[in-house]
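Single-structure report; data block below.
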Amino acid sequence: MIRHGESQPYIPGRPFRLADDGHADPALALEGHEQAKLLAGRLASVSIDAIYVTSLRRTAQTAAPLAERLGLVPVVEPDLREVHLGDWEGGQYRQRVAEHDPLVMRAFTEERWEIIPGAESSASLAARVRGAIERLAGAHRDQRLAVFTHGGVIGQAMSLASGSRPFAFLTADNASISRMIVDSGRWIIRTFNDTAHLDR
């Protein structure tokens, strides 16, 4: 599971465009495109059978250099899109985190997304992430996938695999690699937040 590269910064008063499903859909920043190239260099020699992206363009843009090098066409898996942040979509969530908004602090303390007005519930996120991962694993037995997704989704997947607190892994860096084995219903974490390819 690979987190997308750094996306464009939020400018107060200038919300990101929303995708059809209501999620903020910023493009990659210049740094994010550079991260995507470094990532492709890291994974170009790895045997990868399929590439998946979400319905949000920052994942497709991050996957593009690797897909080109491997000659693979990314497949969209919408259920691995980022957690929906309700009334705070469009970039407002970033601003509120930077300002240490009391509701953000409460959400982090209680480890529940639904503290944010109108946000997706943690139970809903967990169910769709589990369903998507099990579906992909079932379709690709004994294969290696590169799944380009989002920080909240990676955190949820790691929590499900480890049985940890919901937000224990909510720290994946942009363009980081987290490796997991899914086999006969067992989820095994191999690595989390590997960014060696970004060290320059």
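Kindly provide the set of residues from segment 4-34 that are open to solvent by less than 20 Å² (accessible area, probe 1.4 Å) and closer than 24 Å to residue 179 by Cβ, ordered by number.
Selection gives 4, 5, 7, 28, 32.
Please indicate, with yes or no, whether at least one residue in segment 71-81 is over 16 Å from the mean Cα position of the chain (by Cα), of a type in the set (A, V, I, L, M, F, W, C), crowded, with 19+ Cβ neighbours inside 10 Å and at pLDDT 95 or above.
The initial filter retains those residues of segment 71-81 that are over 16 Å from the mean Cα position of the chain (by Cα), namely 71-73.
From what's left, of a type in the set (A, V, I, L, M, F, W, C): 72-73.
Within this subset, residues satisfying the condition of being crowded, with 19+ Cβ neighbours inside 10 Å are none.
Scanning segment 71-81, I find no residue that is over 16 Å from the mean Cα position of the chain (by Cα), of a type in the set (A, V, I, L, M, F, W, C), crowded, with 19+ Cβ neighbours inside 10 Å and at pLDDT 95 or above, so the answer is no.
Pull up segment 169-181, narrow it to residues that are over 24 Å from residue 34 (Cβ atoms) and either open to solvent by less than 50 Å² (accessible area, probe 1.4 Å) or modelled with pLDDT under 95 (or both), then point me to the one that is nearest to the chain's Cα centre (by Cα). It would help to see each step written out before you state the result.
Filtering segment 169-181 for residues over 24 Å from residue 34 (Cβ atoms) gives 169-170, 180-181.
Now restrict to residues that are either open to solvent by less than 50 Å² (accessible area, probe 1.4 Å) or modelled with pLDDT under 95 (or both): 169-170, 180.
Working: 169: 12, 170: 10, 180: 14 Å.
Per the stated criteria, the residue is 170.
What is the one condition in (1) among the acidic types (Asp, Glu); (2) modelled with pLDDT under 95; (3) within 24 Å of residue 108 (Cα to Cα) that residue 20 does not satisfy?
Only one criterion is unmet by residue 20, namely (3).
Residue by residue, here is whether (1) of a type outside the set (Asp, Glu); (2) touching a Leu at 6+ places or on another chain (Cβ under 9 Å); (3) farther than 27 Å from residue 189 by Cβ holds:
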residue	(1), (2), (3)
2	yes, yes, no
7	yes, yes, no
10	yes, no, yes
17	yes, no, yes
29	yes, no, yes
39	yes, yes, no
44	yes, yes, no
47	yes, no, no
60	yes, no, no
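Restricting the search to segment 29-81, which residues are among the hydroxyl-bearing types (Ser, Thr, Tyr), more than 24 Å from residue 155 (Cα to Cα) and touching a Lys or Arg at 6+ places or on another chain (Cβ under 7 Å)?
Residue satisfying the conditions is 47 alone.
From the set of residues in segment 130-156 that are of a type in the set (Gly, Ala, Ser) and without any contact (Cβ under 8 Å) to a residue 24 or more places away in the chain, which is most open to solvent (accessible area, probe 1.4 Å)?
From segment 130-156, those of a type in the set (Gly, Ala, Ser) are 131-132, 137-139, 146, 151-152, 155; that's our starting set.
This time we only want the ones that are without any contact (Cβ under 8 Å) to a residue 24 or more places away in the chain, so: 138-139, 155.
On the way: 138: 38, 139: 71, 155: 1 Å².
Across segment 130-156, the extreme among qualifying residues is 139.
Out of the residues in segment 92-120 that are surrounded by 21 or more Cβ atoms within 10 Å (Cβ to Cβ) and part of a helix (DSSP H, G or I), which is farthest from the chain's Cα centre (by Cα)? Working first, answer last.
Going residue by residue through segment 92-120, those that are surrounded by 21 or more Cβ atoms within 10 Å (Cβ to Cβ) are 93, 107, 113, 116, 119.
Still in the running and part of a helix (DSSP H, G or I): 93, 107, 113.
Details: 93: 16, 107: 19, 113: 15 Å.
Out of the qualifying residues, it is 107.
Out of segment 157-168, which residues are open to solvent by less than 40 Å² (accessible area, probe 1.4 Å) and assigned to a helix (DSSP H, G or I)?
157, 158, 159, 161
Among the residues of segment 20-58, write down those that are part of a helix (DSSP H, G or I) and over 21 Å from residue 199 (Cα atoms).
Residues of segment 20-58 that are part of a helix (DSSP H, G or I), as a first pass: 30-43, 57-58.
Within segment 20-58, 57, 58 qualify.
When you scan segment 62-84, do you find a residue that is in contact with a Pro (Cβ under 9 Å, 6 or more places away or on another chain) and closer than 27 Å to residue 123 by Cβ, even just one?
no
Do we find that residue 91 is at positive phi, in contact with a Gly (Cβ under 6 Å, 6 or more places away or on another chain) and in contact (Cβ under 8 Å) with a residue 12 or more places away in the chain in this structure? Walk me through it before giving the result.
On the way: at positive phi: yes; in contact with a Gly (Cβ under 6 Å, 6 or more places away or on another chain): no; in contact (Cβ under 8 Å) with a residue 12 or more places away in the chain: yes.
When the stated conditions are applied, residue 91 does not pass them.
Does any residue in segment 167-195 that is farther than 16 Å from residue 145 by Cβ come within less than 8 Å, Cβ to Cβ, of a residue that is among the aromatic types (Phe, Trp, Tyr) and assigned to a strand (DSSP E or B) six or more places away or on a different chain, and which pairs are these?
169/192; 172/192
Of the conditions (1) within 18 Å of the chain's Cα centre (by Cα); (2) in contact (Cβ under 8 Å) with a residue 40 or more places away in the chain; (3) open to solvent by 40 Å² or more (accessible area, probe 1.4 Å), residue 123 fails just one. Which one is it?
Only one criterion in (1) within 18 Å of the chain's Cα centre (by Cα); (2) in contact (Cβ under 8 Å) with a residue 40 or more places away in the chain; (3) open to solvent by 40 Å² or more (accessible area, probe 1.4 Å) is unmet by residue 123, namely (2).
The values are calculated or read from the model by the stated rules, or taken from the named source; none is laboratory data. Predicted, not measured: the structure shown is a model, and the values here were computed from it. For neighbour counting, all protein chains shown are included, and Cβ atoms are generated from backbone atoms with ideal geometry for every residue, glycine included. Accessible surface areas use protein heavy atoms only, side chains included; no ligands, DNA or RNA. Shrake-Rupley method; radii C 1.70, N 1.55, O 1.52, S 1.80 Å.
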